[in-house]
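As structure tokens, the structure follows; a few thoughts come after it.
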Amino acid sequence: MATSSNFFASQLAGRVAVITGASSGIGRASALLLAARGAKVAVLARRKDALDTLVAEITGAGGEAIAVVVDVTDQASVAAAAAQVAAAYGRADLVFNNAGVMLPGAIEEAKLAEWEQQIDLNVTGVMRVIHAFVPQLVQAAAEGATVDLVNTSSIAGQYLYPYFAVYTATKAYVSHLTRHLRIELGPKNIRVSMIEPGIVATELQGHVTFQGAKDWLAGAEKTMEFLQPENVAESVGFIVAQPKHVNLQQVVIMPTKQGI
């Protein structure tokens, strides 16, 4: 019988995974986990130095990975990234559509640039990745591979939080989009899933400038232990390791003490 470590090391053998937002947080943790379980991993983000460090960590542990610098707010950049993945690995059969930004603030402050930044990255950026990589997923499914598209949403897409109106709306978009994509892509043997985490200790919180939101997050940190990126990565690993005919559409992962 195979040992547990050997099982995990071969669980995703032969699969080609693309992870956006891979330079930190959930994306980085997921890249490490998927590579450790046998996938060839293309890590995508804007920060080349962080990607190079991640690739070195993966290859140093015996895995296979390439760094692809991409800006998901630029369609040409995403298209070029898809072409680079295809040139390196043939085509992807697992896309973790994970890049995002969180910039809470009071609506009356009317920070249009921050609203647009969140919409462009969290909504249009998600669509740019889908536009570029779904053809590869369709090809992989036609070849008989197990195929996954996993989108990062948030529990914020389900509930109401003060000062998070635009961010939560972008995540509600991702969740509803994912449900619709299953209708179109499921019949083609492409599994479409979303993860909806609660509060995770990532760089996203470091981008927050609005004092009301900073106070809310600081208060939450005193009352609960936040999720770690590795906790969410385990959920991603579980989703994509299911038998081919099994699609976990929606996985909500929360800190135990977080009520909503």
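Points worth noting:
- Share of alpha-carbon pairs per 5 Å distance bin for region 1-137, given as whole %: 2, 11, 20, 21, 17, 11, 8, 5, 3, 2, 0, 0, 0
- Estimated from the Cβ-Cβ distance and a Förster radius of 35 angstrom, the FRET efficiency linking residue 106 and residue 224 is about 0.90.
- Chain lengthening between residue 11 and residue 172 when straightened (0.36 nm per residue, less Cα-Cα): 54.8 nm
- In this simple spin-label approximation, residue 160 and residue 76 carry label points 7 Å from Cα along the Cα→Cβ vector, and these lie 4.4 nm apart.
- The overall shape of region 79-229 is prolate: from the C-alpha gyration tensor, with semi-axes ordered a ≥ b ≥ c, the ratio a/c is 1.5 or greater and a/b exceeds b/c.
- Rounded tilt (10° steps) of 75-89 against the dominant C-alpha axis of the chain: 30
- When the convex hull of its Cα atoms is projected in every direction, mean area for the chain (nm²): 14.0
- Taking the Cα centre of the chain as reference, the dipole from Cβ charges on Lys and Arg (+1) and Asp and Glu (-1) amounts to some 620 debye.
- Just checking the listed ones, 233, 42, 80: in the Gaussian network model of the chain with Cα springs under 10 Å, the one fluctuating most is 80.
- Nearest-0.05 FRET efficiency for residue 48 and residue 246, computed from C-beta distance (R0 30 Å): 0.25
- Projecting the Cα atoms of 101, 76, 113 onto the dipole axis of region 72-118, where Lys and Arg carry +1 and Asp and Glu carry -1 at the beta carbon, places 76 farthest toward the positive end.
- If only the Cβ of Lys and Arg carry +1 and only the Cβ of Asp and Glu carry -1, the dipole of region 31-102 around its Cα centre is close to 100 debye.
- Evaluating 6.51 cos²θ - 1.76 cosθ + 1.60 at θ = phi - 60° for every residue in region 209-215, the Karplus couplings come out as 10, 6, 5, x, 6, 4, 5 Hz, glycine and proline recorded as x.
- DSSP-loop chymotrypsin sites (Phe, Trp or Tyr not before Pro) across region 158-191, with at most 15 other Cβ within 10 angstrom: 159
- Among 218, 239, 163 the positive-end extreme of the charge dipole of the chain (Cβ point charges): 239
- Over region 149-260, relative contact order from alpha-carbon pairs under 8 Å, at least 6 apart, %: 32
Quick note: the coordinates plus some simple rules give every number you see, no bench work behind them. Just so we're clear, the structure is a prediction, and the values are computed from it rather than from any experiment. Heads up, the Cβs are rebuilt from the backbone with ideal geometry, glycines too, and the neighbour counts pull from every protein chain shown.
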